[in-house]
1. Does Lys158 fit the bill of being under 18 Å from the mean Cα position of the chain (by Cα), surrounded by fewer than 23 Cβ atoms within 10 Å (Cβ to Cβ) and on the phi > 0 side of the Ramachandran plot?
2. Taking the condition of being within 9 Å of Met227 (Cα to Cα), of a type outside the set (S, T, N, Q) and assigned to a loop (DSSP other than H, G, I, E, B), how many residues in region 57-83 meet it?
3. Take the conditions under 18 Å from Leu197 (Cα atoms) and either out of contact with any Cys (no Cβ under 7 Å at 6 or more places or on another chain) or surrounded by fewer than 18 Cβ atoms within 10 Å (Cβ to Cβ) (or both) and apply them to Ala66. Does it pass?
4. Output the residue which, of all residues in region 139-155 that are open to solvent by less than 10 Å² (accessible area, probe 1.4 Å) and in a strand (DSSP E or B), is nearest to Leu99 (Cα to Cα).
5. Conditions first: (1) of a type in the set (A, V, I, L, M, F, W, C); (2) closer than 30 Å to Thr49 by Cβ; (3) out of contact with any Lys or Arg (no Cβ under 9 Å at 6 or more places or on another chain). Phe226 passes all but one, so which condition is the exception?
6. Quick one: Leu134 ticks every box in (1) at pLDDT below 95; (2) buried (at least 17 other Cβ atoms within 10 Å of the Cβ) except a single one, so which number is it?
7. Taking the conditions exactly as written (open to solvent by less than 50 Å² (accessible area, probe 1.4 Å) and more than 16 Å from the chain's Cα centre (by Cα)), does Gly78 satisfy them or not?
Amino acid sequence: MSDSDEALLDRPIWSALTTSHKHLAEGGPRALRYPVDMTPFADMVDMSTTSFEALGDLMSPSQVAALFTPEPVDVPSGFKVVIAETGEQMIGSPADSPLRDAEIVTLGKADVPAMTALTTLTKPGPFAARTHELGTFLGIRAGGELVAMTGERMKPGKFVEMTAVCVHPDYRGRGYAQALLAAVARQIEARGEIPFLHVFSHNNSAIALYQRQGMRIRRRLHVTAFMKQG
C-alpha cells in the first residue's frame, strides 16, 4: 500500500463520493454529500465561499452537514456550527476474537428499528434509516434483542470504514465489540479491501481497545458539523 493510496483517507468523505460511492453522491463539482437518510456526511472540493454556497444549496434548513477534514474548517457566515471536534483515524487489521457464548448474525432491513434503538442508546455516531445500505452490518442478539453491532460505512477507494461499534450497557465486558470488529474486518479483507475507522479523540477507552486489537492511529482529522443559519 503506497502513501498515495493512503492519501485518499485524508479526505475520506470526498474520496468515497468520488470513487466507490460515486453512485450515491448528490451534488456537483464543488460540493458532494451522501443521501441524508444514509448519513449526514458531505465535503467540498475546497473550503472557498463558493463551495460552501454550493453545499448550502443541497441542504434544507433542518439538515446537518458533517465534514472530516485534515485541517480545521472556518465555517462562513450563513452557517451555524453544531460540532467542532477532532477524531483519530485508525487503520489496520483487528485481531480475531472468537466468541463462546454468542452468535454473530448478518443484519438487514428488518433489523433497522432494533439497530436504530441500539445506536440511539449507545450513541456511536450518526445512524439513519438507510445507513445499513452502505455495507454489511453484523450483530449479536440476546433474548431476541439486538445487543451489539458493527458494520461498514464510507468506502474511499479500496478502503472500507468500520462504523457503529456499539454494545448495550448490560452486555459490555463480554468481548462483543472486539469479536464484531474482527468479523467485519475479515469480510472487508476477503474482498481485497483495507479496514479503517474513526473515533473521537477524547474516547480513550475505544482507542485503547482498537490499539490492543492491532490497529494504529494513522492521523488526526477535524470533525465539523453545521447547519444553515436562519
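The values are calculated or read from the model by the stated rules, or taken from the named source; none is laboratory data. The shown structure was predicted, so the numbers you read here are calculated from the model rather than taken from an experiment. Methodologically, a virtual Cβ is constructed for each residue, glycine included, from the backbone with ideal geometry; neighbour enumeration extends over all protein chains shown. Remember, those area values only see protein heavy atoms, side chains included, never the ligands or the DNA or RNA. Shrake-Rupley method; radii C 1.70, N 1.55, O 1.52, S 1.80 Å.
1. Criteria not met by Lys158.
2. Qualifying residue count for the region: 4.
3. Details: under 18 Å from Leu197 (Cα atoms): yes; either out of contact with any Cys (no Cβ under 7 Å at 6 or more places or on another chain) or surrounded by fewer than 18 Cβ atoms within 10 Å (Cβ to Cβ) (or both): yes.
When the stated conditions are applied, Ala66 passes them.
4. In the first step, residues of region 139-155 are kept if they are open to solvent by less than 10 Å² (accessible area, probe 1.4 Å); the result is 139-140, 147-152, 154.
With in a strand (DSSP E or B) added as a condition, the list becomes 139-140, 147-152.
Values: Gly139: 13, Ile140: 10, Val147: 14, Ala148: 13, Met149: 14, Thr150: 15, Gly151: 18, Glu152: 21 Å.
My answer is Ile140.
5. Of (1) of a type in the set (A, V, I, L, M, F, W, C); (2) closer than 30 Å to Thr49 by Cβ; (3) out of contact with any Lys or Arg (no Cβ under 9 Å at 6 or more places or on another chain), only one is false for Phe226: (3).
6. It is condition (1) that Leu134 fails.
7. Working: open to solvent by less than 50 Å² (accessible area, probe 1.4 Å): yes; more than 16 Å from the chain's Cα centre (by Cα): yes.
So Gly78 passes the test.
Okay, residues lined up against (1) out of contact with any strand residue (DSSP E or B) (no Cβ under 9 Å at 6 or more places or on another chain); (2) assigned to a helix (DSSP H, G or I); (3) modelled with pLDDT of 95 or more:
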{"position": "Thr19", "(1), (2), (3)": "yes, no, yes"}
{"position": "Leu32", "(1), (2), (3)": "no, no, yes"}
{"position": "Thr39", "(1), (2), (3)": "no, no, yes"}
{"position": "Asp43", "(1), (2), (3)": "no, no, yes"}
{"position": "Phe52", "(1), (2), (3)": "no, yes, yes"}
{"position": "Leu55", "(1), (2), (3)": "no, yes, yes"}
